[in-house]
Amino acid sequence: MEFRFTNREQFMEKLENILESGMSPDNMKIVMPNPDHEIEHLVEHYKSPSKLKYFTLVGGLTGCLTGYAFTAWTAIDWQLVTGGKPFFSWPAYTVIAFELTILFGALASFAGLLILGKLPRFSKMLNPENYANEYVIIIEDED
Amino acid sequence: MFPSMKVIIAFIVGAVVIAGLEFVVEGGSLLYSMLFFVAVSQGPIAVAAAADIAGGQWIRPYKQTLFTTRHMILFVLILFAVFLGLGRVHLYEWTHWEHPGQWLNVPFFSLRNLVMLGISWVLANVYVKASLTESKTKNMWALFWLFSYVITQTLVAFDWVMSLEYPWISTLFGAYFFVEAFYCGLAFAAIYTGFRYQHLLETHSGTFKKAMMDMMTMFFGFSIFWGYQFFSQYIVIWYGNIPEEVSFFTRRLDVFGSLLYLIPLILFVIPFWILISRKMKANPKVVMAVGFLVWGGVLLERVFMLGIHMALPPVISAVEFIVASAVFFWVVKSQDDDALVASGEATPT
Amino acid sequence: MSSHSTNVLGSNVPERDELYAYNYKAKLEEDVFAAVSKPTPLFYIALLTALGCVGIGATSWAIQIINGLGKAGIMNPVGWGVYITDFVFWVGIAHSGTLISAILFLFRAKFRNRFNRTAEAMTVFAVLTAGLFPLIHLGRVWFFYWLFPYPNQRHLWVNFKSPLVWDVFAVSTYLTVSVVFWYIGLVPDLAIARRIKESKIAKTLYGIFSLGWTGTFKEWQHYNQLYKFLAALATPLVLSVHSVVSWDFAMGVVYGWHTTIFAPYFVAGAIFSGCAMVITLMVPMRKMFRLERYIAIDDFEKLAKLLMLTGLIVSYAYIVELALALYVGKEGNVFEYEQFMYRLTGDYAWAYWTMILCNVISPLTLFVRKLRRNLIYLFVLSIPINIGMWFERFNIIVISLARDFDPYAFGYYTPTWIEWGITLGSFGWFFTFFLLFSKTIPVLPVTELKEEVD
């Protein structure tokens, strides 16, 4: 079954009806021309929010630890006093750890989108369905 | 817009008690209290003014309360006059110089600080009036007020604290103070949320939760910004390792030891990890606790700032601080109640 | 419903009917892609000019590589000159892109949607330009990889206590995160391009880069969260990058460099110059691409206010630095004092006062509402601000080095034509990228503007 709407309000009404009837959002495909927080709130009432934040968290913490560990290790691996500073100069290494926190956090989040959103989707790269700016609800038939 | 009779009486009583205590014991107790209250009196209004200029809707439920601290600027001005009147200015080493400097001399020091506190109090009142009546000139006065805020806080930083350490200088010190005062202002909003959560929820039904989340997100953001400023100052001084510059930290390390690490812990690490969670930001008791923690951190930091230069007799300092706090509480509460009566939301008791 | 969309469909649609949003979205796509599609002769002239500048820069650099760094004017005691000035200048230009796309996103300032695509593109290209300068500055550029910590037989690692190594990490992180952030915002728009473009090649290319985006709810759900997190990560990042750049100077014990305010002051300065550059680029672009419907004067006014704010912060920093040098005085710290006296009255006083005129005085005119709503005025003003910010870095770097502790080691630095050639080349390099961008990628964030109309 496929429902197409050019009007957002009508679409939301229909969507709400379907969801209230007990249909799980996982069993249907909703296509939207743009992100929409209201619709997101509506659907997330029936569906858990995105798990992407765990990617960010793990990535960020990994980056932070890597930053401190790597700088500390290189300082001890070949001990060389520079600038009269202690081997483990935490203020200096904080800068590196910070940058790596952001770098790993951002890359892990990006990976999160690719994994959770199942992208890139090669079959759709060249021959996508053309819904233009319509809102679409597709309910997969249960055979 | 002028302080009500109740507030004026509180000021007089407060000032007289504190002046009396100051007669008993010499030391930096008064300066200590002033340093805290200049931050918590100006910070909240700066938060409101910044939000007004940026057009932030989240300030609405808080605005009136944030404005109540404005008269505390006048109280700080009175305390500063007491400070001068009792000759406490001689706590500063430069007052004993044979040849007073062009910047560091008693008359100019007294004058510029009195004038700036006065101007900022007057501008705060003008701005508050413009803002509450939604006047067209609201943003202009907000901007002027912020100017006076930045200048006053910079003067407080450079004159009240940095001149104790002459010839030590840190160009960030002024910005450090006005950011910290802003942070204190947000902490004030957090504390108020804890006290009046039900009331706020009822009067601003529908919008308050969102406004609170935004306000606490700002609070969270400023915990990061505070950490950033602290680190920016620390790393330059640590790295440069110039004896006369690094003494700012080493002398304090000698006296207070690892207690100094409490400052970044209290003002950055703990608020950051608590407020990062959405759940915590929405919990009025938690944010109130964080607000008090931040105020406590600022108080402790002031101990470290002054402690190596002057005696801070613990009992007298505490008593003076409590007296000033009582005045602060009275000023905020009486005005907050007045505002409620005026808007018809509560009946006078 | 924002005011920008009310006049889009003209007077034949007096009220919002059921199809209003739908039609608006279609019209938006049409207008934005019309701007992207047809290169005019003017475009080719501009592109050729930019490439010509790149040629001049490349030739200059080649001369320097063949003959050695002596071809540049840098010489003891002034070892950092125009190259490092250019480096800081371009990193600074990059910053407003992230401010507009990330910080204003977190603040939910809607006007950012008019500028963010261009500003982010500017960020990426400016960092690409800035990244060249540390390399140009190397005597033996073929050893540039020594900057990175890679395992080697001698167990030698880079010195992580050096601010120059922090810079390698900060700038490369910044480039990576900016590219990711920009690209993520682009993916849904590239999917639209895939649908709209006629030619087979274009369809294929846009299709590949759109990752097969179909616009399902699930995709949008993860996309929204990712965008928010990237904004939250990019915000502290942008503070850190220019702070680290400032620490390249502030960590050194050179008066005029070693000062604590540098980090926030550099960040504000960076955003100041970046906003000026956004105005420089967007005013003509709006006109040429006929985007007047989507970018209102109000939006530019907000940008102008940002310019005022950051200009004031920068002015505050100038005043504080100078005031504290006077405050310590000769008795307190003779080096600090003399350094600032030299800035005000010495050999480079002309550069100092140019900076004051451009960065302190000229933005004050924006307090006049009429002026900050006048696009021609804004465009004209943005150019001296760019120049002033270039001079700010020049003053910090060169003046401080020209006079440090020992009078016997005072010096004077004059840039050579090689350095000016490379500087010109960097502008050409930046504009080449930018021009190519303006004809291949939607210059307005289509999906974000669509969201606004609902």
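The values are calculated or read from the model by the stated rules, or taken from the named source; none is laboratory data. Not measured: the values here are computed from a predicted model. Glycine gets a Cβ as well: all are built from the backbone with ideal geometry, and neighbour counts include every protein chain shown. We work out accessible area using only protein heavy atoms, side chains counted, and drop any ligands, DNA or RNA first. Shrake-Rupley method; radii C 1.70, N 1.55, O 1.52, S 1.80 Å.
Assorted remarks:
- For residues of A:111-124, the mean tally of beta carbons on other chains within 10 Å: 6
- Were the residues from B:I308 through B:F108 laid out at 0.36 nm apart, the gain over their Cα-Cα distance would be 69.5 nm.
- Candidate cross-link partners of C:K71 among the aspartates and glutamates, defined by an alpha-carbon separation under 18 Å and a same-chain spacing of 8 or more, comprise C:D86, C:E419.
- Remark: the protein assembly as shown carries a charge dipole of roughly 1200 debye about the Cα centre, counting +1 on each Lys and Arg Cβ and -1 on each Asp and Glu Cβ.
- Förster radius 25 Å - calculated FRET efficiency between A:A132 and C:T204 (Cβ-Cβ, nearest 0.05): 0.80
- Taking amide H positions as modeled 1.01 Å from N, with prolines and chain starts lacking one, the residues under 5 Å from B:L172 and 5 or more places away or on another chain are C:T260, C:I261.
- Dipole of the stretch B:5-342 [Lys/Arg +1, Asp/Glu -1 at C-beta], most positive-end residue of B:L143, B:F108, B:W295: B:L143
- The distance between label points at C:R290 and C:M341 comes to 6.4 nm (points 7 Å beyond Cα on the Cα→Cβ vector).
- Screening chain A for DSSP H helices whose Cα atoms reach 15 Å or more along their own axis and whose mean Kyte hydropathy is at least -0.5 gives A:52-77, A:90-116.
- For B:G194, neighbours were defined as the other residues whose beta-carbon sits under 15 Å from its Cβ, and their charges (Lys and Arg +1, Asp and Glu -1) total +4.
- Going by accessible surface with a 1.4 Å probe and the largest first, C:T423, C:T440 read C:T440, C:T423.
- R0 of 25 Å, Cβ-Cβ distance B:E134-B:E202: FRET efficiency to nearest 0.05: 0.60
- Stretching A:E38 away from A:N7 to a fully extended chain increases their span by 9.7 nm, per 0.36 nm per residue minus the current alpha-carbon distance.
- GNM result for chain A, Cα springs below 10 Å: residue of A:I96, A:I76, A:I115 fluctuating most strongly: A:I76
- In terms of its C-alpha gyration tensor, the stretch A:52-116 comes out prolate, because a/c is 1.5 or above and the ratio a/b outweighs b/c.
- Measuring with a 1.4 angstrom probe and ignoring ligands and nucleic acids, A:S24 comes out at about 40 Å² accessible.
- Based on Cα contacts under 8 Å between residues 6+ apart, the stretch B:5-342 shows a relative contact order of 29 percent.
- Of A:F122, A:F11, A:F98, the one that fluctuates the most in a GNM where chain A has Cα springs shorter than 10 Å: A:F122
- Only lysines eight or more places from A:K85 in sequence, or on another chain, were considered; those with a Cα closer than 29 Å are C:K161.
- Between C:L326 and B:F329, the simple spin-label model (points 7 angstrom out along Cα→Cβ) gives 4.5 nm.
- The calculated FRET efficiency for the pair B:D254 and B:A81, based on their C-beta separation and a Förster distance of 30 Å, comes to about 0.30.
- Close amide H pairs (under 5 Å, H built 1.01 Å from N) link C:V78 with no residue at least 5 positions away or on another chain.
- For trypsin sites (Lys or Arg not before Pro), the sites in the stretch C:112-170 that DSSP calls loop and that have at most 16 other Cβ atoms within 10 Å are C:R140, C:R154.
- Counted as membrane-span-like here are DSSP H helices of chain B whose alpha-carbon atoms extend 30 Å or more along the helix's own axis and whose Kyte-Doolittle mean is 0.5 or above; these are B:29-54, B:106-132, B:173-195, B:208-240, B:284-307, B:314-342.
- Residues considered: B:I59, B:I316, B:I237. Largest GNM mean-square fluctuation over chain B, using C-alpha springs under 10 Å, is found at B:I237.
- Between C:Y255, A:S24, C:F437, the Cα set farthest toward the positive side of the dipole of the protein assembly as shown (charges on each charged residue's Cβ, about the Cα centre) is that of C:F437.
- The lysines within cross-link reach of C:K228, meaning a Cα-to-Cα straight distance under 19 Å and a gap of 8 or more places when in the same chain, are A:K51, A:K53, B:K210, B:K279, B:K281, C:K110, C:K218, C:K450.
- Here is the list for the stretch C:226-321: trypsin sites (Lys or Arg not before Pro) lying in DSSP coil, each with at most 13 other C-beta atoms within 10 angstrom of its C-beta, are C:R290.
- Shown in residue order for the stretch C:353-362 are the 3J(HN,Hα) couplings computed by the Karplus curve 6.51 cos²θ - 1.76 cosθ + 1.60 at θ = phi - 60°: 6, 4, 4, 4, 4, 6, 9, 9, 6, 4 Hz (x for Gly and Pro).
- Solvent-accessible surface (1.4 angstrom probe) belonging to B:Y261, in square angstrom, nearest 10: 130
- ³J(HN,Hα) computed for each position of the stretch C:22-34 - Karplus, 6.51 cos²θ - 1.76 cosθ + 1.60, integer Hz, glycine/proline x: 4, 5, 4, 4, 5, 5, 4, 4, 4, 5, 5, 6, 5
- The stretch B:212-281, dipole about Cα centre (Lys/Arg Cβ +1, Asp/Glu Cβ -1), debye to the nearest 20: 380
- Among the protein heavy atoms, those of B:H309 account for about 50 Å² of accessible surface (1.4 Å probe, every chain in place).
- Each of A:W73 and A:D26 was given a label point 7 Å from its Cα along the Cα-to-Cβ line. The distance between the two points is 3.9 nm.
- The protein assembly as shown: C-alpha gyration tensor shape, a/c 1.5 cut-off, then a/b vs b/c: oblate
- Here the Karplus relation 6.51 cos²θ - 1.76 cosθ + 1.60, evaluated at θ = phi - 60°, turns the backbone of the stretch C:95-109 into coupling constants of 5, 5, x, 5, 4, 5, 7, 9, 5, 5, 5, 5, 7, 6, 7 Hz, with x for every Gly and Pro.
- Figure note: C:H258, A:H41 ranked by solvent-accessible area, largest first, 1.4 Å probe, ligands and nucleic acids not counted: A:H41, C:H258.
- Only Lys, Arg (+1) and Asp, Glu (-1) charged, at Cβ; the stretch B:5-342 dipole about Cα centre in debye: 1260
- Of the residues C:R393, A:R4, C:R403, ranked by 1.4 Å probe accessible area with the largest first, the sequence reads A:R4, C:R403, C:R393.
- Counted charge near B:V156, where neighbours are those whose Cβ lies closer than 15 Å (Asp, Glu -1; Lys, Arg +1): -2
- For chain A, averaging the sequence separation of C-alpha pairs within contact (under 8 Å, six or more residues apart) and dividing by the residue count gives a relative contact order of 47 percent.
- Cα shape, chain A, gyration tensor, a/c 1.5 rule: prolate
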